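Worksheet for the structure shown next.
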Amino acid sequence: MVRLIQLLIFIPYLKRDNFCVYEALVCSPSKSDKQGILRCMRITKMLGAFLALTVVLNVAYTAKLSLASANEPIYATASAQTRLAIANTSAPVQKKSTTQTTVKSSAQTPPVETAPNTTTQSTTSKTELAWADVLEQSPNPKVVTDADFLARITATGLPWRVKDKSSGIEMLLVPPGKFVMGMSPGDTQAVDNEKPAHEVTLTQPFYLGRTEVTQTQWVKVVGKNPSNFHSGSDRDSMIQKLMNEGLTKSEAEAKAAQESTDIDALPVESVSWNNCQQFCAKTNLRLPTEAEWEYSCRAGVRKPTYGNLDDIAWCNTNSSGMTHIVGKKLPNALGFYDMLGNVWQWCSDKYGAKYYKSCEDGVVDPKGASEGSARVLRGGGWIGDSYYCRSSTRSYDDPVSRHYTIGFRVARTP
């Protein structure tokens with residue numbers, strides 16, 4: 001049986017002509033033939049062992065390749081296209097496959113359209129307001145000299161300088177923000193109703209008149225001028241001043257006429273708080289709150305005044321005992337004129353002498369005292385000295401009172 005198996009193993013390696021060996025082995029061979037056959041069988045046995053070893057090695061090598069292929073990352077042996085597909089669906093993403101995906105995506109995917117930047121757009125395109133004509137959309141850095149206010153005004157996206165259609169009043173935008181209200185650090189003239197200093201947060205932007213309301217603007221809306229000082233008296237005062245400086249009367253009159261082309265722009269005065277409400281009702285404007293007024297007056301400055309008093313305000317040392325054309329002194333860092341001096345200015349708040357004590361922990365959008373009838377006055381006037389012409393000075397009067405030292409400026413919420 002063993003010989004038969006050996007022969008069967010050997011048969012595939014025999015040539016067709018030697019097939020007689022099988023016949024000699026099965027039949028009764030001679031001795032010499034048997035020896036030859038045995039030699040062949042030994043050779044066959046060796047060849048069979050070699051063949052078996054070859055098969056085993058081949059199977060082992062094939063198994064090793066299969067195992068290595070199973071353990072290796074697929075994308076390492078795949079085509080570039082297959083790698084990309086794998087990289088998009090497997091995790092973690094390899095750095096190499098991420099780079100390939102990015103490059104291919106940028107080459108095949110059209111660019112995505114994005115919405116325009118509204119902040120940038122607001123500084124270049126004009127925003128319309130139904131109640132006002134827009135004079136300048138973006139703040140002028142030569143006027144708004146405080147960099148922080150400049151940035152915050154721009155960030156609102158609202159027009160900076162506008163002109164109210166109903167009254168002709170020019171107004172500037174004031175952005176929301178925080179400030180310290182009340183006594184300025186080191187101010188020896190501060191009194192109790194200015195204490196304690198406290199933080200105020202104003203959450204909404206608002207517009208404020210660039211100057212006090214003028215007599216011309218008042219007449220346009222109300223129809224009758226209540227003021228004590230008129231344009232003639234201001235012209236006479238200017239002529240006298242020029243003559244005191246060495247000019248002749250004719251020279252002074254000529255120069256006064258040249259420099260006073262808008263002498264009707266004296267601030268309206270002798271108006272009560274109630275009169276101001278009538279003006280506001282006709283124009284949809286309003287009085288500023290006391291906090292809005294001081295925030296706008298200080299314009300980021302924590303000193304009693306926002307400049308040298310003689311340069312920024314008409315007061316008892318330079319007014320010659322009368323009001324003066326608005327906007328002739330230097331403005332503050334927000335571009336407002338006459339926040340101090342010329343005429344006192346009504347605010348919307350009720351006055352409370354101890355009101356600030358209730359604000360010491362900070363307040364948001366304050367509206368003033370809840371009790372009392374007197375209304376707040378701010379800014380000082382032409383008759384006042386340095387004590388009155390300070391950013392934190394607070395005064396008051398009855399809402400029906402009229403005096404030739406009192407005027408107002410208007411505000412509006414956008």
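The values are calculated or read from the model by the stated rules, or taken from the named source; none is laboratory data. Keep in mind it's a predicted model, so treat the numbers as computed, not measured. Every residue, glycine among them, receives a Cβ derived from its backbone with ideal geometry; neighbour counts consider all protein chains shown.
Some observations on this one:
- Flag if Leu330 is farther than 14 Å from Arg390 by Cα and among the hydrophobic types (A, V, I, L, M, F, W, C): yes
- Given (1) within 29 Å of the chain's Cα centre (by Cα); (2) surrounded by 24 or more Cβ atoms within 10 Å (Cβ to Cβ), number of the condition Leu287 does not satisfy: (2)
A quick yes/no check of all residues on (1) more than 30 Å from Ala256 (Cα to Cα); (2) free of Cβ contacts under 8 Å to residues at least 60 places away in the same chain:
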| residue | (1), (2) |
| --- | --- |
| Ile312 | no, yes |
| Val343 | no, no |
| Asp365 | yes, no |
| Leu377 | yes, yes |
| Ser395 | yes, yes |
| Tyr404 | no, no |
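- Restricting attention to the range 288-327, the residues that are of a type in the set (Lys, Arg), in contact with a strand residue (DSSP E or B) (Cβ under 8 Å, 6 or more places away or on another chain) and either under 15 Å from Tyr387 (Cα atoms) or part of a helix (DSSP H, G or I) (or both) total 1.
- Residues of the range 380-414 that are under 38 Å from the mean Cα position of the chain (by Cα) and under 14 Å from Thr323 (Cα atoms): Gly380, Gly381, Gly407, Phe408.
- Residue list for the range 173-192, restricted to those being assigned to a strand (DSSP E or B) and under 19 Å from the mean Cα position of the chain (by Cα): Leu173, Val174, Gly177, Lys178, Phe179
- Test: residue in the range 219-228 that is of a type in the set (Lys, Arg), under 25 Å from Trp293 (Cα atoms) and modelled with pLDDT of 90 or more: yes
- Selection from the range 157-192 of residues that are farther than 23 Å from Arg409 by Cα and either at pLDDT below 95 or of a type in the set (S, T, N, Q) (or both): Ser184, Thr188, Gln189
- The criterion of being crowded, with 19+ Cβ neighbours inside 10 Å, farther than 24 Å from Val271 by Cβ and within 34 Å of the chain's Cα centre (by Cα) does not hold for Tyr337.
- Flag if Tyr387 is buried (at least 19 other Cβ atoms within 10 Å of the Cβ), of a type in the set (Phe, Trp, Tyr), in contact (Cβ under 8 Å) with a residue 60 or more places away in the chain and part of a loop (DSSP other than H, G, I, E, B): no
- In the range 383-392 there is no residue that is among the basic types (Lys, Arg) and out of contact with any Gly (no Cβ under 9 Å at 6 or more places or on another chain).
- Residue check, Glu269 under 29 Å from Gly177 (Cα atoms), modelled with pLDDT of 95 or more and under 41 Å from the mean Cα position of the chain (by Cα): no
- Restricting Arg394, Arg412, Arg402 to those that are at pLDDT 95 or above and in contact with a Pro (Cβ under 8 Å, 6 or more places away or on another chain) reduces the list to Arg402.
- Tabulated pairs, the range 223-239, first under 25 Å from Asn274 (Cα atoms) and assigned to a loop (DSSP other than H, G, I, E, B), second modelled with pLDDT of 90 or more and of a type in the set (Asp, Glu), C-beta under 9 angstrom, 6+ apart or interchain: Pro226/Glu269; Ser227/Glu269; Asn228/Glu269; Phe229/Glu269
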